[in-house]
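A.B. asks: Quick one: structure below, then a few questions.
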Ligand SMILES: Cc1cc2nc3c(=O)[nH]c(=O)nc-3n(C[C@H](O)[C@H](O)[C@H](O)COP(=O)(O)O)c2cc1C
């Protein structure tokens, strides 16, 4: 199956087969795809929480308007994005680059200056949105990888942030639950799988210049 066929087969699942779990090997591959996601300036202003225990899923159910995906999924991924960008966080990022690439920290001075200039030029609100946008890039990559692994998925942002943040024990001043992705295998009686895909026609979607 080529990747376009995989993407045509994927849909946002409303009900998973509760008995079928995503194997650790396949889950690892999907998460690796999320890890390899691009992020602006490479800052990765997010963490990827993987909820696999039934006990934890149970606690998260009240957060969702329509919890049918949560009650049936194999794993629930919550992409938690930073709200802020503290100097300490950026320091850690640069230290990490220097270690991984085995280069002196000072060789990154110009890059650091550019990042600091950018961070000083944005408001708190802009920073929050910018961080969240990075989380959505991860989401797209996870959805794509899941489709290639023949794992079904359901992205969801219709949830009560406060409940998720309380259950996950997030620091509300600095982090927020940006978006979630349930993973598993479609239930036979999830009729959404039989619906035709609705997408804009090419002439309304693409513009070649
Ligand atoms: C960021 C994002 C958030 C979404 N939130 C929800 C949601 O809260 N509940 C839901 O049932 N579907 C949600 N969806 C699924 C969309 O409704 C779905 O992707 C769209 O209708 C296209 O259908 P398809 O994914 O089945 O091709 C979300 C999708 C995205 C990308």
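Derivation of every value follows stated rules applied to the coordinates shown; laboratory data play no part. Only a predicted model underlies this, so the values are computations on that prediction, with no experimental measurement involved. Counting neighbours? That spans all protein chains shown, and the Cβs are built from the backbone with ideal geometry, glycine included.
A.B. asks: Quick one: grab Rg to one decimal and Dmax as a whole number for the stretch 116-209, Cα atoms only, in Å.
C.D. replies: 17.9, 53
A.B. asks: While we're on this one: Which percent of the Cα-Cα distances in the stretch 31-168 go past 22 Å?
C.D. replies: 48 percent
A.B. asks: For the stretch 1-58, just the Cα set please: Rg and Dmax, both in angstrom.
C.D. replies: Cα radius of gyration and Dmax of the stretch 1-58 are 14.7, 41 Å respectively.
A.B. asks: Taking the C-alpha atoms of the stretch 89-161, how large are the radius of gyration and the largest Cα-Cα span, Dmax, in Å?
C.D. replies: 17.2, 45
A.B. asks: While we're looking at this one, here's another question. Can you give the calculated 222 nm mean residue ellipticity of the chain, where each DSSP H run of n ≥ 4 adds -39,500 (n - 2.57) and the sum is split over every residue, rounded to the nearest 500 deg cm²/dmol?
C.D. replies: Computed ellipticity for the chain at 222 nm equals -14000 deg cm²/dmol.
A.B. asks: Relative contact order, percent, of the chain when contacts are C-alpha pairs under 8 Å separated by at least 6 residues?
C.D. replies: Across the chain, relative contact order equals 38 percent.
A.B. asks: Helix 87-101 sits at what angle to the longest principal axis of the chain, using alpha carbons and giving 0 to 90 degrees rounded to 10?
C.D. replies: So the inclination is approximately 90 degrees.
A.B. asks: Hey, for a label at residue 7 modelled as a point 7 Å past Cα toward Cβ, could you say which residues of the stretch 98-140 have their backbone N under 14 Å away?
C.D. replies: Residues 140 fall inside that zone.
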